[in-house]
Amino acid sequence: NAGVTQTPKFQVLKTGQSMTLQCAQDMNHNSMYWYRQDPGMGLRLIYYSASEGTTDKGEVPNGYNVSRLNKREFSLRLESAAPSQTSVYFCASSEARYLPYEQYFGPGTRLTVT
Amino acid sequence: QQQVKQSPQSLIVQKGGISIINCAYENTAFDYFPWYQQFPGKGPALLIAIRPDVSEKKEGRFTISFNKSAKQFSLHIMDSQPGDSATYFCAGAAFNAGGTSYGKLTFGQGTILTVHP
């Protein structure tokens with residue numbers, strides 16, 4: 001099992017460009033999450049999907065959109081990148097109904113917006 | 001708003017010493033308090049978790065102490081080893097949010113632990 005996979009691993013964008021971060025999990029989990037990690041700020045939830053077909057905003061959703069493509073895949077889109085979106089992005093999944101505190105994280109995408 | 005406050009931001013400990021990381025929370029709806037460990041270049045991974053009806057939980061060298069009245073909890077790493085050098089995050093999790101268990105985690109700011117040999 002690969003667990004949670006994310007692509008790409010690294011990306012450099014210019015201000016105003018768009019891109020989609022891809023995430024997939026093979027653990028048959030119902031819930032999926034997107035976080036950003038910034039120094040001194042911890043991990044902040046951008047969007048989450050409690051189950052296939054549902055998505056909801058987290059703590060810092062502005063400037064992002066998500067798509068829960070199917071049970072396995074959850075993508076994060078930046079429509080018009082800004083330098084403030086320079087960060088490390090993590091996707092996670094969980095079976096929140098049974099273990100609500102245990103999330104499995106991907107390896108992250110390091111994004112730089114110039 | 002930061003509902004979970006974590007300190008210190010960084011911590012340096014000698015091999016064999018005790019590492020202590022503290023967290024304070026505001027949301028009394030939290031049902032679980034997990035700790036995550038993150039090595040450089042990797043995603044965080046669950047280390048240990050505690051429920052608020054328990055005052056202490058121990059797994060090997062890792063212990064969570066929980067003080068419900070003070071709304072504080074802490075991670076103690078006994079006999080700290082260089083391999084424990086990582087970033088540690090505390091978090092709060094609400095099992096039921098609006099009647100559905102979304103399992104959202106609210107993380108603290110993180111503590112960078114360095115254990116010198």
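From the set of residues in the stretch B:21-58 that are in a strand (DSSP E or B) and among the hydroxyl-bearing types (Ser, Thr, Tyr), which is nearest to the chain's Cα centre (by Cα)?
Narrowing the stretch B:21-58 to residues in a strand (DSSP E or B): B:21-25, B:32-38, B:45-50, B:56-58.
Checking which are among the hydroxyl-bearing types (Ser, Thr, Tyr) leaves us with B:25, B:32, B:36.
Details: B:TYR25: 11, B:TYR32: 11, B:TYR36: 6 Å.
Within the stretch B:21-58, the match that is nearest to the chain's Cα centre (by Cα) is B:TYR36.
Mind listing whichever residues of the stretch B:1-20 are within 14 Å of chain A (Cβ to nearest Cβ) and in a strand (DSSP E or B)?
In the first step, residues of the stretch B:1-20 are kept if they are within 14 Å of chain A (Cβ to nearest Cβ); the result is B:1-10.
Once the filter is applied, which keeps residues that are within 14 Å of chain A (Cβ to nearest Cβ) and in a strand (DSSP E or B), the stretch B:1-20 yields B:VAL4, B:LYS5, B:GLN6, B:SER7, B:SER10.
Rundown of residues vs (1) surrounded by fewer than 16 Cβ atoms within 10 Å (Cβ to Cβ); (2) within 10 Å of chain B (Cβ to nearest Cβ), yes/no style:
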residue	(1), (2)
A:LEU13	no, no
A:ASN28	yes, no
A:LEU78	no, no
A:THR86	no, no
A:SER94	no, yes
Within the stretch A:39-95, residues touching a residue at least 40 places away in the same chain (Cβ under 8 Å), under 16 Å from A:THR112 (Cβ atoms) and among the small types (Gly, Ala, Ser) come out as A:SER80, A:ALA81, A:ALA82, A:SER87
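Which one of these is within 30 Å of A:TYR48 (Cβ to Cβ) and away from every other protein chain (no Cβ under 13 Å): B:SER80, B:SER55, B:SER69, B:SER65? Outline the logic, then answer.
Values: B:SER80 fails: within 30 Å of A:TYR48 (Cβ to Cβ); B:SER55 fails: within 30 Å of A:TYR48 (Cβ to Cβ); B:SER69 fails: within 30 Å of A:TYR48 (Cβ to Cβ).
Only one candidate qualifies: B:SER65.
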Reported set for the stretch B:1-45 where residues are touching a Phe, Trp or Tyr at 6+ places or on another chain (Cβ under 6 Å) and either of a type in the set (Gly, Ala, Ser) or free of Cβ contacts under 8 Å to residues at least 24 places away in the same chain (or both) is B:GLY43
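Given the options A:ARG110, A:ARG68, name the one that is among the basic types (Lys, Arg), surrounded by fewer than 19 Cβ atoms within 10 Å (Cβ to Cβ) and within 14 Å of chain B (Cβ to nearest Cβ).
Working: A:ARG68 fails: surrounded by fewer than 19 Cβ atoms within 10 Å (Cβ to Cβ).
Criteria check complete, one pass: A:ARG110.
Is it true that B:GLY92 is away from chain A (no Cβ under 11 Å) and of a type in the set (Gly, Ala, Ser)? Working first, answer last.
Numbers: away from chain A (no Cβ under 11 Å): no; of a type in the set (Gly, Ala, Ser): yes.
No; evaluated as a whole, the condition is false for this residue.
Each reported figure results from applying straightforward, stated rules to the coordinates on display, with no laboratory input. Model, not experiment: these values are computed from the prediction. Don't worry about glycine lacking a Cβ; one is built from the backbone with ideal geometry, like all the others, and counts go over all protein chains shown.
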